[in-house]
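Report on the following structure.
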Amino acid sequence: MEEHGSGLRRVLVLAFCVAGIWSAYIYQGFLQETLSTKRFGPDGKRFEHFAFLNLAQNVVCLVWSYIMIKLWSSSSNRGAPWWTYWSAGITNTIGPAMGIEALKYISYPAQVLAKSSKMIPVMLMGTLVYGIRYTFPEYICTSLVAGGVSTFALMKTSSKTISKLAHPNAPLGYGLCFLNLAFDGFTNATQDSITARYPKTSAWGIMLGMNLWGTIYNIIYMFGWPHGSGFEAVQFCKQHPEAAWDIFLYCLCGAVGQNFIFLTISQFGSLANTTITTTRKFVSIVVSSLLSGNPLSTKQWGCVLMVFSGLSYQIYLKWRKLQRLQKKRKT
């Protein structure tokens with residue numbers, strides 16, 4: 001009876017994590033798309049200072065992680081020093097900025113799909129630089145994802161979607177997305193290196209260090225000279241309070257989403273988190289198409305299914321590998 005209660009409790013916690021991650025990031029994606037396509041106020045101006053979104057997100061997450069450390073972390077827990085995050089802070093500042101900037105040139109579904117192909121640069125780097133050999137099923141996954149993204153990129157976007165973009169330019173938009181993936185790869189590798197050197201580093205400590213440097217870099221970039229874009233962004237928010245409110249909600253969604261991701265990883269592992277975030281991306285595309293007026297053709301939906309079939313197969317392969325490892329440990 002006790003085991004049944006424990007199992008039910010884990011199911012409820014997992015459902016809570018899924019609901020938290022989906023609701024936070026799907027709504028954040030909707031706000032991101034709104035900020036990149038909507039015309040605000042009677043003057044019909046667009047918000048084009050997307051680096052300001054990163055700065056606002058950094059500040060909110062910095063404050064949030066500091067509060068969580070004070071509330072939950074013990075004083076004896078000595079993690080990585082704050083200065084160790086400086087290089088990851090640079091790439092974590094530039095990468096997401098490029099991803100958001102891409103929304104000027106391509107639609108939100110196209111951006112989500114392009115950013116879902118993270119395994120492609122990882123496998124290329126692994127093969128060319130480190131000589132890693134991958135299995136045939138792993139190549140099938142990559143081929144599905146690469147084929148789906150490439151075909152989607154080559155298809156004609158609807159005129160309704162193009163009319164909402166600030167500066168339609170598919171090659172530039174996809175290029176920014178793949179640069180975003182490259183910077184993300186370096187960020188993740190650096191974070192892994194830091195946690196390996198300082199095993200007592202908590203998730204909140206990583207969040208604090210990353211957002212501290214992100215805040216420093218973005219403040220210098222946006223407010224480091226008299227006519228920096230940060231002053232224009234603040235002025236735009238003063239003139240258009242609706243945009244300021246959307247930015248605040250965008251940042252809050254990011255902070256809440258990170259909390260649920262950390263909870264999922266701590267309770268169920270990174271594989272469960274990967275599954276939840278991957279399915280969330282698919283749902284984001286569906287929600288965007290239904291609510292934001294970005295209609296996809298039947299062929300484009302075929303490409304979306306192709307990409308997420310590859311991602312789902314990759315998750316299944318990771319699950320099988322994990323099961324085999326667990327069996328070996330038991331024997």
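Only one of the numbered conditions (1) more than 14 Å from the chain's Cα centre (by Cα); (2) closer than 30 Å to residue 169 by Cα; (3) not polar (S, T, N, Q) is not met by residue 19, and that is (2).
Take residue 63 and decide whether it is closer than 24 Å to residue 202 by Cβ and either touching a residue at least 12 places away in the same chain (Cβ under 8 Å) or touching a Gly at 6+ places or on another chain (Cβ under 9 Å) (or both). In short, no. Say whether the condition of being touching a Gly at 6+ places or on another chain (Cβ under 7 Å) and modelled with pLDDT of 85 or more is met by at least one residue in region 125-141. Within region 125-141 (the criterion being touching a Gly at 6+ places or on another chain (Cβ under 7 Å) and modelled with pLDDT of 85 or more), the answer is yes, since at least one residue qualifies. Here is a check on your reading of the model: is residue 58 farther than 26 Å from residue 168 by Cα and open to solvent by less than 40 Å² (accessible area, probe 1.4 Å)? So residue 58 passes the test.
Among the residues of region 160-177, are any closer than 22 Å to residue 65 by Cβ, outside any helix (DSSP H, G or I), in contact (Cβ under 8 Å) with a residue 12 or more places away in the chain and open to solvent by 50 Å² or more (accessible area, probe 1.4 Å)? Among the residues of region 160-177, not one is closer than 22 Å to residue 65 by Cβ, outside any helix (DSSP H, G or I), in contact (Cβ under 8 Å) with a residue 12 or more places away in the chain and open to solvent by 50 Å² or more (accessible area, probe 1.4 Å), which makes the answer no.
Applying a threshold of 7 Å to beta carbon distances and a minimum spacing of six or more residues, or different chains, the list of pairs starting in region 228-253 at a residue that is farther than 14 Å from residue 55 by Cα and ending at one that is open to solvent by less than 30 Å² (accessible area, probe 1.4 Å) and not in a helix (DSSP H, G or I) reads 236/47; 240/40; 242/40; 243/40; 243/47. Of the residues contained in region 66-73, one or more are found to be under 24 Å from residue 196 (Cβ atoms) and in a loop (DSSP other than H, G, I, E, B).
Among the residues of region 91-134, the ones that are β-branched (Val, Ile, Thr), without any contact (Cβ under 8 Å) to a residue 12 or more places away in the chain and either under 26 Å from residue 299 (Cα atoms) or outside any helix (DSSP H, G or I) (or both) come to 2 in all. Residue 87 fails exactly one of the following numbered conditions: (1) modelled with pLDDT of 85 or more; (2) buried (at least 18 other Cβ atoms within 10 Å of the Cβ); (3) within 25 Å of residue 181 (Cβ to Cβ). What is the number of that condition? Tallying (1) modelled with pLDDT of 85 or more; (2) buried (at least 18 other Cβ atoms within 10 Å of the Cβ); (3) within 25 Å of residue 181 (Cβ to Cβ), residue 87 fails exactly one: (2).
Yes or no: region 39-49 includes at least one residue that is under 30 Å from residue 150 (Cβ atoms) and either open to solvent by 30 Å² or more (accessible area, probe 1.4 Å) or assigned to a loop (DSSP other than H, G, I, E, B) (or both). Looking through region 39-49, at least one residue is under 30 Å from residue 150 (Cβ atoms) and either open to solvent by 30 Å² or more (accessible area, probe 1.4 Å) or assigned to a loop (DSSP other than H, G, I, E, B) (or both).
The values are calculated or read from the model by the stated rules, or taken from the named source; none is laboratory data. Worth saying up front: this structure is predicted, and the values here are computed from it rather than measured. Neighbour counts run over all protein chains shown; Cβ positions are idealised from the backbone, glycine included. Keep in mind that these areas ignore ligands, DNA and RNA; they rest on the heavy atoms of the full protein, side chains included. Shrake-Rupley method; radii C 1.70, N 1.55, O 1.52, S 1.80 Å.
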